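Student: What follows is a structure written as structure tokens; I'll ask about it next.
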Amino acid sequence: MTQKIENLSALVDGELHDEQLLDAIKNDAELADKWQSYHLIRDGLRKEMASQINIDIAANVAAALASEPAILAPKKTWRDLPLVGSVVPFAKQGGQMAIAASVAVAMIIGVQQYNQTDVEQPFNSAPALLGIQGGLSPVSLEQTRTLPRADASEQRRVINAYLNDHKQQLRFKAAPADDESEVELYETEQSNNVERIPQ
Amino acid sequence: MRLSSQTTLNVSRNNKFSKCIGQVTLACLMLLSFSTIGQSVSDSQDRVTVDPPSSSHTQPVKAFPSDSAHGWLEKMAYAHSHLNYSISFVLLKPGVDSQPYLWRHGVTSEGVQMEQLNLLNGPGREVVRIENKVSYFEPNVPPYSLQSSVINGPFPSEFFQQPDEIKDSYDFVMVGRSRVSGRAAQQIRIVSKDKSRFGMNVWLDQETGLMLKMNLVDLNGQLLEQIQVTACHVTEQPDDFFEKIEPAMLPEVLKLRPQSDTKAIWDIDYMPIGMVEVKRDIHRLPITGQSVEYVMLSDGLVDVSIYMRDSQNDGINQDILLRHESDTLLTLNKGTLNVTVVGKLPPETANRIASSIHLAN
């Protein structure tokens, strides 16, 4: 047998050509097995392995099934008594429902925690500032309902004006200092005749 | 491989327990092949690459001392203005969709610095800088150029070029090393000296010194804004894109009107340490057309706009504090004066600045 395997190995390597051995492989299941695994090894070493290796496990499954004991009839247990049989499944069901309910609760908690991401954080209540009369209303562009209805849209317009102008000023900031002045890209109106702010 | 296959099998040929060994070899081989697959996957994820290090651009970088935060920032400044790189990053801001950018930089053989910043989502915004001319291509606005040495983008360009400028206002702290964007990175924390401004965490590539990640955090350490690099390529030659630019075809530099002589009407008593007034004028706001007296404060990292106007003109005289993305907007009414402060500042600081404004004598 050892000799045969050795010859098989040589055959796989292409060092030996033996018709007799080939016949032996055809007839001998163990040799055929070896033949297959040697080829697999060779492919592996040459990095020619297929991405999905199809190893035939049908034979093993068939063998496993064959050795499985056949169940002919269920044994009688205490559950099969008429009264107990109807009670126990109910209790079982209740247990399942309890588990389902607790999973749901856990999910709700999970979702709530998930929603409290730090992204939202900056939008929520601004810290109270000291020294301001009348207090500050925390307002964001999305959330202006704390303001009187009529003023809200006007206020939003002013806020947008400030934010836009800030962006524009940042861009022109880097322009050289000596001829730095107002440049209005988004407006055609000339601003040379700007009124002085009353003092 | 062919050779080793023979040796393995030759060994087994001479072995009494060849069957057993054959099985063991098979198991080993399968393990080997799986680990190779895993390796190739992780290779493809490691997208940040540095092309063959050439003496021309890695030697001077390594010359910087790497044991101090200051040395690291110098290395960063050198890398950002001398290397040829192409960086993809994503900008994350609260309440806004993430914005992917492509940022390329190249130095031609004549020593001309070129830089490009491109917003990759939507109709696109593109900024091209050639030395001191920055051209902006944006939707809804005709393209224009400005004379400037920095691009006005989502990151503090001035800081990348001259980190030294902010050393009067901020402390630099070495934090430690970690892995960012698949590369070894050095983390440096930048904290304002008087705790009046937001802090920054910067992760720099250990090898090149380029920025890999940047977090803007408030005084409690909450994340406000983040730039995360997803791919970074350093090359020996500038990107082909820069060859295609024809400097003559770029839009004209905007002629800025001479500044009208404005006398300061209002004084600002409180400014955070290191902040200086960089601009003062009177102009009209877009959208509403209100005229305002305008002052810009800057410390080299953060720019703050201050608007002052008479509050009698309209019905809005409510104090407002809001945060728009990472900008704070605060409006205060003091008698007839309406002060608005806009900028990346904690609300407390914005309030302190606004409260300190009074009529000039």
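The values are calculated or read from the model by the stated rules, or taken from the named source; none is laboratory data. Keep in mind the model is a prediction, meaning the values are calculated, not measured. With ideal geometry, Cβ positions are generated from the backbone for all residues, glycine too; neighbour counts draw on all protein chains shown.
Student: Against the conditions (1) at pLDDT below 90; (2) within 21 Å of B:Ser88 (Cβ to Cβ); (3) more than 14 Å from chain A (Cβ to nearest Cβ), where does B:Gly176 fall short? Just the number, please.
Tutor: All conditions pass for B:Gly176, except number (2).
Student: Considering only region B:259-266, I want to know if a residue exists there that is touching a strand residue (DSSP E or B) at 6+ places or on another chain (Cβ under 8 Å) and at pLDDT 85 or above.
Tutor: No, region B:259-266 contains no residue that is touching a strand residue (DSSP E or B) at 6+ places or on another chain (Cβ under 8 Å) and at pLDDT 85 or above.
Student: Another one. Given the options B:Gly221, B:Gly209, B:Gly300, name the one that is in the same structural domain as B:Glu110 (by TED's automatic domain parsing) and closer than 27 Å to B:Glu348 by Cα.
Tutor: After ruling out the rest, the residue left standing is B:Gly221.
Student: All but one of (1) modelled with pLDDT of 90 or more; (2) surrounded by fewer than 22 Cβ atoms within 10 Å (Cβ to Cβ) hold for B:Ser305, so report the exception by its number.
Tutor: Only one criterion is unmet by B:Ser305, namely (2).
Student: Determine whether region B:258-273 contains at least one residue that is of a type in the set (A, V, I, L, M) and within 14 Å of chain A (Cβ to nearest Cβ).
Tutor: There is at least one residue in region B:258-273 that is of a type in the set (A, V, I, L, M) and within 14 Å of chain A (Cβ to nearest Cβ).
Student: Taking B:Ile87 and the conditions (1) touching a Cys at 6+ places or on another chain (Cβ under 8 Å); (2) free of Cβ contacts under 8 Å to residues at least 24 places away in the same chain, which numbered condition does it fall short on, given that it satisfies the others?
Tutor: For B:Ile87, the failing item is (2).
Student: Sticking with this one: Provide a single number: the residues in region B:224-243 that are more than 14 Å from chain A (Cβ to nearest Cβ) and closer than 29 Å to B:Pro346 by Cβ.
Tutor: 3
Student: Working carefully through the options B:Gln186, B:Gln147, find the one that is surrounded by 13 or more Cβ atoms within 10 Å (Cβ to Cβ) and at pLDDT 90 or above.
Tutor: Selected residue: B:Gln186, the only one of B:Gln186, B:Gln147 that is surrounded by 13 or more Cβ atoms within 10 Å (Cβ to Cβ) and at pLDDT 90 or above.
Student: Follow-up question, since we're still on this one. From the list B:Phe241, B:Phe198, pick out the single residue that is modelled with pLDDT of 90 or more and surrounded by fewer than 20 Cβ atoms within 10 Å (Cβ to Cβ).
Tutor: So the residue among B:Phe241, B:Phe198 that is modelled with pLDDT of 90 or more and surrounded by fewer than 20 Cβ atoms within 10 Å (Cβ to Cβ) is B:Phe241.
Student: Please determine, by comparing only the residues of region B:85-116 that are closer than 17 Å to B:Asp240 by Cβ and within 13 Å of the chain's Cα centre (by Cα), which one is surrounded by the fewest Cβ atoms within 10 Å (Cβ to Cβ).
Tutor: The selected residue is B:Leu102.
Student: Now for a different question. Which pairs have Cβ atoms under 7 Å, sit 6 or more apart or on different chains, and link a residue in region B:133-146 that is more than 11 Å from chain A (Cβ to nearest Cβ) and among the polar types (S, T, N, Q) to one that is part of a strand (DSSP E or B) and exposed (fewer than 15 other Cβ atoms within 10 Å of the Cβ)?
Tutor: B:Ser135/B:Pro143
Student: Shifting gears a bit: Pick out the one residue from B:Arg323, B:Arg352 that is of a type in the set (Lys, Arg) and not in a strand (DSSP E or B).
Tutor: Being of a type in the set (Lys, Arg) and not in a strand (DSSP E or B) holds for just one of B:Arg323, B:Arg352, which is B:Arg352.
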